[in-house]
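Visitor: Below is a structure I'd like to ask you about.
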Amino acid sequence: MARLFEKYNNDVLPALQKELGRANRLSIPKLEKIVVSMGLGKAAAEKKRLDQAQKELTQIVGQKPIVCRARKSVSNFKLRQGQQIGLKVTLRGPRMYEFLDRLISVAVPRIRDFRGLNPNSFDGRGSYNMGLSEQTVFPEVDADKVEFQQGMNITMVTTAKNDHESRRLLTLMGLPFRKDEKES
């Protein structure tokens, strides 16, 4: 069993149950899935960039990503319909908890000038979005072999009905949110 999943069952679930005043364990918010995506605008011209990004994303998440294609042609962006423009991975179950554990304990502390995650990046329905500007914060990626820096978007989807419950869940799981001066 994943270390973070044990933490959820043993520590987070009882704490949320007490805070929210709910007796039913199934009504407590939980992490449903994590979607990791990369937009590869420059990969349209270079096939090598797509292959490199696909290899690195596979190393990071431990699962092969699917290739996203353009739905429409846009002449201003030199984009054709059906052209490969991104990568996406949906993580669930033990892989999701393992990835989140590595993100919290290893990758986030390696971000340059890190002062905490933005506490306002919730979407109003309990999902949290965060972006990383480079893939080298993950130790699985060998920084010497990286030919180009590639950012990624990480979306954490929870079963929470609002942002407050979702923020509380992710805080108890260990996400280091920034303390704003207004909240203090």
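Visitor: Which whole-angstrom value gives the distance between the alpha carbon centres of region 1-64 and region 137-156?
Guide: Here the answer is 16 Å between Cα centres.
Visitor: Sort 154-167, 47-60 by packing, meaning the average of other beta carbons within 10 Å per residue, with the highest value first. Could you put the intermediate results ahead of the total?
Guide: Values: 154-167: 18.6, 47-60: 17.1.
Ranked from most to least packed, the peptides come out as 154-167, 47-60.
Visitor: Which of LYS42, LYS88 has the fewest other C-beta atoms within 10 Å, and how do the rest follow up to the most?
Guide: On the way: LYS42 12, LYS88 16.
Starting with the residue having the fewest Cβ neighbours, the order is LYS42, LYS88.
Visitor: So which aspartates and glutamates can LYS64 reach, going by Cα to Cα under 15 Å and dropping same-chain residues fewer than 8 places off?
Guide: Counting by Cα, and skipping residues close in sequence, LYS64 has these aspartates and glutamates nearby: ASP51, GLU56, GLU140.
Visitor: If you don't mind, another one. Please tell me the relative contact order of region 71-170 in percent, rounded to the nearest whole number, where contacts are Cα pairs under 8 Å and at least six residues apart. List each step's numbers first, then the result.
Guide: Values: 93 pairs, mean separation 22.5, N = 100.
RCO, region 71-170: 23 percent.
Visitor: How big is the chain by the Kirkwood estimate over distinct Cα pairs, in Å? All intermediate terms of the calculation are to be shown ahead of the outcome.
Guide: On the way: mean 1/r = 0.0559 Å⁻¹.
One decimal place: 17.9 Å for the Kirkwood radius.
Visitor: In deg cm²/dmol, rounded to 500, what helix-only [θ] at 222 nm does the chain give when every DSSP H run of at least 4 residues adds -39500 (n - 2.57) and the total is split over its residues?
Guide: On the way: 5 runs with 49 residues, N = 184.
Computed mean residue ellipticity for the chain: -8000 deg cm²/dmol.
Visitor: Moving to a separate point now. What FRET efficiency comes out for GLN81 versus ASN118 if R0 is 35 angstrom and r is the Cβ-Cβ distance? Round to the nearest 0.05.
Guide: Working: r = 34 Å, r/R0 = 0.98.
My answer for the efficiency is 0.55.
Visitor: Straight distance only, please: which lysines reach the Cα of LYS7 with their own Cα at less than 25 Å, same-chain residues fewer than 8 apart left out?
Guide: Output for LYS7: LYS18, LYS30, LYS33, LYS161, LYS179.
Visitor: Report the relative contact order of the chain, percent, no decimals, based on alpha-carbon pairs under 8 angstrom and at least 6 residues apart.
Guide: In percent, rounded to a whole number, it is 28.
Every number here is computed from the coordinates shown, using simple stated rules; none is lab data. Owing to the predicted nature of the structure, the values given are computational and were not obtained by experimental measurement. With ideal geometry, Cβ positions are generated from the backbone for all residues, glycine too; neighbour counts draw on all protein chains shown.
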